[in-house]
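Contents: one structure, followed by commentary.
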Amino acid sequence: MSRSIQCLLDKVVARRSLEGLLKLVEGRDLTEEESWAIDLLQRAREQDIQLFVTGGTVNILRQLEALPRYSPMVAAFLGRTDKAQPTRYFKRWSRRLRGFGFTREDAHVLALASFGTSRRRDILGMHFVATYDQPLINQWSLQRNTIGERLEAMRRDLQPPYDRVILPQVLCPREVTPPEEAL
């Protein structure tokens, strides 16, 4: 059974989480971004939010896992997250998002949030994208309605379950909270 709320972490939020975990183990002070990233990890456990990362993030973390200093933190982080898998229509949606002026990497993350699934393939899409990229948040907020119209037009021609995908909310980690009815 899948969890009710899904959140895709961008690479910076993943990095801040790991940096924060390492600092906690070493007894050092956290930055505000590290604190909020770790807070999201904790809230995910408490509020039944399933956290996802991109394949690129997993690849980088696997390289860090070989280093003894990082190995326990990487294992802990990967134990709390799942690798988002692209589904059918992911590439098409990513190309269309590029047409709205998003970078290739941002379009990839946003497309994965709509046309991504878990390893078990028991969900489709994410409710949230957690990022510290303020230009991405701003651009998404400004164009969300137009993007939504484009997705709606695309969905009309898609077969189930792809015809029910949604746009995620793109927020800073501190703002990611499930709706009351999901708790």
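Exactly one condition in (1) closer than 24 Å to residue 33 by Cβ; (2) open to solvent by 10 Å² or more (accessible area, probe 1.4 Å); (3) not in a helix (DSSP H, G or I) is not met by residue 102; state its number.
The single condition residue 102 does not satisfy is (2).
Considering only region 26-49, how many residues are part of a helix (DSSP H, G or I), hydrophobic (A, V, I, L, M, F, W, C), touching a residue at least 60 places away in the same chain (Cβ under 8 Å) and open to solvent by less than 50 Å² (accessible area, probe 1.4 Å)?
2
Let me spell it out: the conditions are (1) buried (at least 20 other Cβ atoms within 10 Å of the Cβ); (2) of a type in the set (A, V, I, L, M, F, W, C); (3) in a loop (DSSP other than H, G, I, E, B), and residue 113 meets all of them except one. Which number is the exception?
(3)
Based on this model, can you work out whether residue 121 counts as touching a residue at least 60 places away in the same chain (Cβ under 8 Å), loosely packed, with under 14 Cβ neighbours inside 10 Å and over 23 Å from residue 18 (Cβ atoms)?
So residue 121 does not fit the description; no.
Within region 138-165, which residues are open to solvent by less than 80 Å² (accessible area, probe 1.4 Å) and hydrophobic (A, V, I, L, M, F, W, C)?
The answer is 140, 147, 151, 153, 154, 158, 165.
It is to be established whether one or more residues within region 51-60 are within 18 Å of the chain's Cα centre (by Cα), surrounded by 14 or more Cβ atoms within 10 Å (Cβ to Cβ) and more than 25 Å from residue 167 (Cβ to Cβ).
Yes, region 51-60 contains at least one residue that is within 18 Å of the chain's Cα centre (by Cα), surrounded by 14 or more Cβ atoms within 10 Å (Cβ to Cβ) and more than 25 Å from residue 167 (Cβ to Cβ).
Please state which of the following conditions residue 83 fails to meet, knowing it meets all the rest: (1) at negative phi; (2) at pLDDT below 95.
If we test residue 83 against (1) at negative phi; (2) at pLDDT below 95, just (2) comes out false.
Return the residues of region 18-33 that are modelled with pLDDT of 95 or more and either aromatic (Phe, Trp, Tyr) or closer than 27 Å to residue 104 by Cβ (or both); say none if nothing qualifies.
Passing the criteria: only 33.
The values are calculated or read from the model by the stated rules, or taken from the named source; none is laboratory data. Just so we're clear, the structure is a prediction, and the values are computed from it rather than from any experiment. No Cβ is skipped: glycine too gets one built from the backbone with ideal geometry, and neighbour counts run over all protein chains shown. The area values use the complete protein model at the heavy-atom level, side chains included, leaving out ligands, DNA and RNA. Shrake-Rupley method; radii C 1.70, N 1.55, O 1.52, S 1.80 Å.
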